[in-house]
Structure formats: structure tokens, C-alpha cells
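Undergrad: Submitted below is the structure of interest, expressed as C-alpha cells.
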Amino acid sequence: PPLSNMYTLSEKKCAACEGLVDALSSEDTQKLMAQLPEWDLFTDDAKIPKIRRKWRMKNFVAGMDFLSQITTIAESEGHHPDLHLESYQYVTVVIYTHSVKGLTENDFILAAKIDGLEPNIKLSKYHKSKTQQQQQQQQEQQQ
């Protein structure tokens, strides 16, 4: 089905997809990636496209609290990401649709809902968004 622009991603609800949808085309994936500037598109060793985002939390408890908030959203959406907490404060979320071994609109809906948690989480004072990192790299290259 064509992508719908009637609602923002965070307003949509993940749809049941087991055996019902195909993986997104490259073109549709790029359109949705444009709506999630802090997420990275990558392909794993098995050539499965996935999206990923990283955060540096204030501390271990803040990281666990954030993962708990993601768990609540994932359960309500019926769509479950891979969650990682490393070195006590680095949270990484990886999303893809296991049943199609690729990306579906559900992955982007879940990512947008996770992004919506950001005002409520305790980031490290050293956390830099992807946008901030890119700006810093551009400034360094200009010097």
C-alpha cells in the first residue's frame, strides 16, 4: 500500500504485519528517513536493512528508565525493537520488521513514538544529537 501522509508518523498506530505486508522500497524508505533525522539507516551482516538511534544518558538509572518507557510503547504498538544499554549509559535502539527481514512503515512509526519520549528523558550533558555531531564536523572541516 502507498504511504499515507494524512498523519504524522507519531500519530499513527502500528498495524499487524505478520505475512500481510512487504518490505518498503528503497524510495519509500528514504522518504520516511527524511522524517527521522536522528536515526541512521544501515544494513546488517545478513543484508537486512534496519534503523538505529543512539543516546548518551545521564546515568544507568536514566538509561533503564528510558528503556522501560520504550518497552511500554513497544508493547502498546505490538512492535518490538532491539534494545541495548552499554557501558552503563549508552542506549541504542535498532528497529526492523523481523517477519519481512526488512523495514516497514511500522518501524518508522515506532521510531517516531520513541523520539517523542525525548523531552522526558535524562540525557548526559555530553550527549550530542546526530545533527549537533554533523554541525561540529562541518565546523572542524572549515577550520
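The values are calculated or read from the model by the stated rules, or taken from the named source; none is laboratory data. Note that the structure is predicted; figures quoted are calculated from it, not measured. Because the Cβ atoms are built from the backbone with ideal geometry, glycine has one as well, and the counts that use them run over all protein chains shown. Accessible surface is based on the protein model in full, side chains and every heavy atom, while ligands, DNA and RNA are left aside. Shrake-Rupley method; radii C 1.70, N 1.55, O 1.52, S 1.80 Å.
Undergrad: Lys/Arg Cβ at +1, Asp/Glu Cβ at -1, dipole of the chain taken about the Cα centre: which of Leu103, Leu24, His84 is farthest positive-ward?
TA: The residue sitting most towards the positive pole is His84.
Undergrad: Which of the residue pairs Lys50/Lys125; Lys101/Lys128; Lys54/Lys125; Lys47/Lys130; Lys47/Lys113; Lys31/Lys130 have a Cα-Cα distance greater than 21 Å in the structure shown?
TA: Beyond 21 Å between Cα atoms: Lys50/Lys125; Lys101/Lys128; Lys47/Lys130; Lys47/Lys113.
Undergrad: Using the crude model of +1 on Lys and Arg Cβ and -1 on Asp and Glu Cβ, and no other charge, please compute the dipole size for the chain relative to its Cα centre, in debye to 20.
TA: 500 debye
Undergrad: Would you kindly find the accessible area of Phe60, with a 1.4 Å probe and non-protein molecules such as ligands, DNA and RNA excluded, rounding to the nearest 10 Å²?
TA: Accessible surface of Phe60 is approximately 110 Å².
Undergrad: Right, next: Positive end of the dipole of the chain, charges at C-beta (+1 Lys, Arg; -1 Asp, Glu), about the Cα centre: which of Gly116, Pro49, Gln137 has its Cα farthest in that direction?
TA: Among Gly116, Pro49, Gln137, the one farthest towards the positive end of the dipole of the chain is Gln137.
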